[in-house]
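In what follows, a structure is listed as structure tokens, so that the remarks can point back to it.
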Amino acid sequence: MKKLFTLVSLFLLTTALVNAFDHKMKISTSEQDANIFVDGQLAGTGSVELKIEKGTCVNVRVEKVGFVVEERTFCDQKNQPKPDKNEYIRMSVDEAFTASSSSDIANVDISLKPSKDELESWQLISRIITSYFDVIETTDRETGYLRTAWVAQNFNGSIVRSRCIVKLGNTSPLEYKVKLISEYSNANGATVKTDEAFKEWERILRKYEGLIPEMQSRVGR
């Protein structure tokens, strides 16, 4: 029994000594409500204290809507300088947010009931869309379908892609469904074709804000 007690005591002492040599540090951010993730797990907001076990690394990711995601890796490994005990992360405003506005018509089918005949309405719709988008990917007047190519705009840490789709909703009375699609990604290395990196965004880039209102005023509600 005494031997067992001695072994347990040695184990606890060894563990305490190892932990004593683990590197402890504090992470704080310029945004007090920013979420701080450590190795993928939410650790706190604004500031957190963490421990880096000897010989290991930790990944720190800081996120807040409207700001560029910041990511750091800190290691306590041989032949590498130890991280500072305090790390301050200054976050930058995501320019995609300053170049856009919140919208309740993004990614929603908007009903358009032309006051003109089918041919004139289709031509007018096409002209309006091409004044905002340079490339029409698909157009078919017979089926009443039009889709623009994706247009991507890169910002400081994010990418926004936009496109417009028109579908015939009804022939009598004539009705079209217009959807302005807006999607956002802050994934590293994302391109306009990386579908899995994007998600629907409830904002519209300002250069497309007038598209739906112009259609409604010129084609008909």
Exactly one of 174, 124, 119 is open to solvent by 70 Å² or more (accessible area, probe 1.4 Å), at negative phi, out of contact with any strand residue (DSSP E or B) (no Cβ under 6 Å at 6 or more places or on another chain) and among the hydrophobic types (A, V, I, L, M, F, W, C), and that one is 119
So, in segment 126-150, how many residues would count as being assigned to a strand (DSSP E or B), among the hydroxyl-bearing types (Ser, Thr, Tyr) and either under 26 Å from the mean Cα position of the chain (by Cα) or within 20 Å of residue 205 (Cα to Cα) (or both)?
1
Sort out which residues of segment 192-201 are outside any helix (DSSP H, G or I) and open to solvent by 70 Å² or more (accessible area, probe 1.4 Å), and write them in order of number.
193, 199, 200
Only one residue in 58, 48, 68 is surrounded by 15 or more Cβ atoms within 10 Å (Cβ to Cβ) and in contact (Cβ under 8 Å) with a residue 40 or more places away in the chain, so which one is that?
68
Answer from 153, 216 - the residue that is assigned to a strand (DSSP E or B), closer than 21 Å to residue 102 by Cα, in contact (Cβ under 8 Å) with a residue 12 or more places away in the chain and out of contact with any Gly (no Cβ under 8 Å at 6 or more places or on another chain):
153
In segment 75-103, which residues are part of a loop (DSSP other than H, G, I, E, B) and closer than 17 Å to residue 34 by Cβ?
90, 91, 92, 94
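Using the structure shown, decide if residue 162 is touching a residue at least 60 places away in the same chain (Cβ under 8 Å) and polar (S, T, N, Q).
Here the answer is no, as residue 162 does not meet what is asked.
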Right, residue 206: under 24 Å from the mean Cα position of the chain (by Cα), at pLDDT 95 or above and more than 30 Å from residue 68 (Cα to Cα) or not?
no
Contact list, first residue from segment 100-117 and closer than 12 Å to residue 181 by Cα, second anywhere and open to solvent by 70 Å² or more (accessible area, probe 1.4 Å) and among the acidic types (Asp, Glu), beta-carbon distance below 8 Å, six or more apart or interchain, is 103/202; 103/209; 104/202; 106/200; 106/202; 107/200; 107/202
Residue 204 vs. criteria part of a helix (DSSP H, G or I), surrounded by 15 or more Cβ atoms within 10 Å (Cβ to Cβ) and either on the phi < 0 side of the Ramachandran plot or not hydrophobic (A, V, I, L, M, F, W, C) (or both)
no
Single residue of segment 177-190 satisfying the filter (under 18 Å from the mean Cα position of the chain (by Cα) and surrounded by 16 or more Cβ atoms within 10 Å (Cβ to Cβ)) that is modelled with the lowest pLDDT:
190
Can you confirm whether segment 88-110 contains a residue that is among the basic types (Lys, Arg), open to solvent by 80 Å² or more (accessible area, probe 1.4 Å) and at pLDDT below 95?
no
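The values are calculated or read from the model by the stated rules, or taken from the named source; none is laboratory data. Computed from a predicted model, the values in this text were never measured in an experiment. Because the Cβ atoms are built from the backbone with ideal geometry, glycine has one as well, and the counts that use them run over all protein chains shown. All accessible areas refer to the heavy atoms of the entire protein, side chains included, with ligands and DNA or RNA removed. Shrake-Rupley method; radii C 1.70, N 1.55, O 1.52, S 1.80 Å.
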